Amino acid sequence: MGFVDYEVKGKIAVITINRPKALNALNAEVLDDLSAVLDQVDQNEIRCLILTGAGEKSFVAGADIGSMSTMTKSEGEAFGKKGNDLFRRLETFPIPVIAAINGFALGGGCEISMSCDIRIAAESALFGQPEVGLGITPGFGGTQRLARLVGAGMAKQIIYTAKNIKADEALRIGLVNKVVPLEELLPAAEKMANQIAAQAPIAVRACKKAINEGLQVDMDKAIVIEEKIFGDCFETEDQQEAMKNFCRKKDDPEKVKVVDFKNK
Ligand code: DAK
């Protein structure tokens, strides 16, 4: 794929935005390529995705300012829709997505990382929403997702001041889950992805759905969403096998085995 690489590694896969000369900035082609790669993911085989940027300097340095600079109103709207559709697709993609943030995560770069389920950052990563300095608002969901992740006050500070924050500050405010040295970034992301991939895949997907959908409604409705999704798990072979295995283990510790979940 032109600006996006896709590599399958057993039950996990790595998606790399590969436009390092422009610090992996998102133009319409990159967005189209990302969307095409998501079409290609074999959801029966792959249990966790990692999204990262090519090179050692940048995850994604934002939306492509050069291409945005000449957009008309309708082109701007179409670009915004393309990005928003893709980011929402990532956010609701049935399997989890881990962002491995290897440098600049500015504007659309910070926003795409926030569409992922989990963020692991290199110590060198830098986060920010510089849009107001360019005379625009964040356009790929930044005002919404940042406020949901770090709270309205901190999101307003980051967005209104357009001041970038370093990885340790991003960790402190809950924007990222973990910070590691750059050379350990992909190994750390792969380790976590493999840990997720070793769990019952239908249950993992169900958790993603329950968390995402539950956050959109009040607690009374959210609990009903969880009840329904929890009930669905009892129709899976994975649940029956894993619970039988636990009971066997109690009777005879020798019978302990690692359940090989089958996606059923
Ligand atoms: N777009 C296009 N090219 C970019 C870029 C970007 N966002 N960021 C970097 N580049 C390009 C540079 O132009 C340069 O290209 P050449 O000159 O070599 O051809 C190359 O990448 C290397 O960049 P620098 O030479 O500038 O590298 P430095 O290390 O000196 O500086 C930097 C790195 C990340 C601090 C700097 O490049 C920078 O400030 N970049 C811009 C960061 C930024 O402001 N990003 C946020 C963009 S705003 C919307 C949809 C989306 C959005 C808004 C609305 N709707 C449609 C509603 C999103 C907006 C944004 O993301």
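Laboratory data are not the source of any read-out in this text; all were calculated from the coordinates shown. Small disclaimer: the values here were computed from a predicted structure and weren't measured. Virtual Cβ from ideal backbone geometry, glycine too; neighbours counted across all protein chains shown.
Along the Cα→Cβ direction, 7 angstrom out, place labels at Glu45 and Gln144. What is the inter-label distance in nm?
Modelled inter-label distance: 3.4 nm.
Cα atoms only: what Rg and Dmax, in Å, come out for the stretch 90-237?
16.7, 54
Taking a ≥ b ≥ c as the square roots of the eigenvalues of the Cα gyration tensor of the stretch 20-161, is the shape rounded (a/c under 1.5), prolate (a/b larger than b/c) or oblate?
rounded
Using amide H atoms built 1.01 Å from N in the peptide plane, name the residues 5+ places from Ser124, or on other chains, whose amide H lies under 5 Å from its own.
Residues meeting the amide H criterion: Leu182.
Let me check against my output: what whole-number percent is the relative contact order of the stretch 191-264, with C-alpha pairs under 8 Å and at least 6 apart?
That works out to 36 percent.
What nm value, rounded to one decimal, do you get for the distance between Val8 and Ala36 when each label is placed 7 Å out toward the C-beta?
1.9
With a ≥ b ≥ c taken as the square roots of the eigenvalues of the C-alpha gyration tensor of the stretch 170-217, please select rounded if a/c is under 1.5 and otherwise prolate if a/b is larger than b/c or oblate if it is not?
Judged from the Cα gyration tensor, the stretch 170-217 comes out oblate (a/c at least 1.5, b/c at or above a/b).
Output the relative contact order of the stretch 82-138, whole-number percent, from Cα pairs under 8 angstrom with separation of 6+ residues.
35
What are the semi-axes of the equivalent ellipsoid for the chain, taken as the square roots of 5 times the Cα gyration tensor eigenvalues, largest first, in whole Å?
Numbers: eigenvalues 242, 81, 66 Å².
They are 35, 20, 18 Å, listed largest first.
Taking all pairs of different Cα atoms in the stretch 204-248, averaging 1/r and flipping that mean, what Kirkwood radius in angstroms comes out?
The Cα-based Kirkwood calculation yields 11.4 Å.
Percent antiparallel among DSSP beta bridges with both residues in the chain, to the nearest 5?
Working: 8 of 31 bridges.
Around 25 percent antiparallel, to the nearest 5.
Where does each of 76-82, 165-171 land if you order them by average Cβ count within 10 Å, highest first?
Most protected by this proxy first, the peptides run 165-171, 76-82.
Tell me the relative contact order for the chain as a rounded percent, counting alpha carbon contacts under 8 Å between residues six or more apart.
16
Under 5 Å between amide H atoms, partner at least 5 residues away or on a different chain: which partners does Ser58 have, H built in plane at 1.01 Å?
Phe104
Within the set Lys73/Lys178; Lys9/Lys262; Lys209/Lys250; Lys73/Lys221, which residue pairs have Cα atoms separated by over 29 Å?
Too far apart for the 29 Å limit: Lys73/Lys178; Lys209/Lys250; Lys73/Lys221.
When a/c is below 1.5 the answer is rounded, else prolate if a/b is larger than b/c, else oblate, so apply that to the stretch 22-97 with a ≥ b ≥ c taken from the square roots of the Cα gyration tensor eigenvalues.
Verdict is oblate for the stretch 22-97.
Determine, from the Cβ-Cβ distance of Ala152 and Ala198 and an R0 of 45 Å, the FRET efficiency 1/(1 + (r/R0)^6), rounded to the nearest 0.05.
Details: r = 37 Å, r/R0 = 0.82.
After rounding to 0.05, the efficiency reads 0.75.
In whole Hz and in residue order, list the ³J(HN,Hα) couplings for the stretch 127-139 that follow from phi through the Karplus curve 6.51 cos²θ - 1.76 cosθ + 1.60, θ = phi - 60°; x for Gly and Pro.
Running phi through 6.51 cos²θ - 1.76 cosθ + 1.60 with θ = phi - 60° gives 10, x, 10, x, 4, 5, x, 9, x, 10, 9, x, x Hz.
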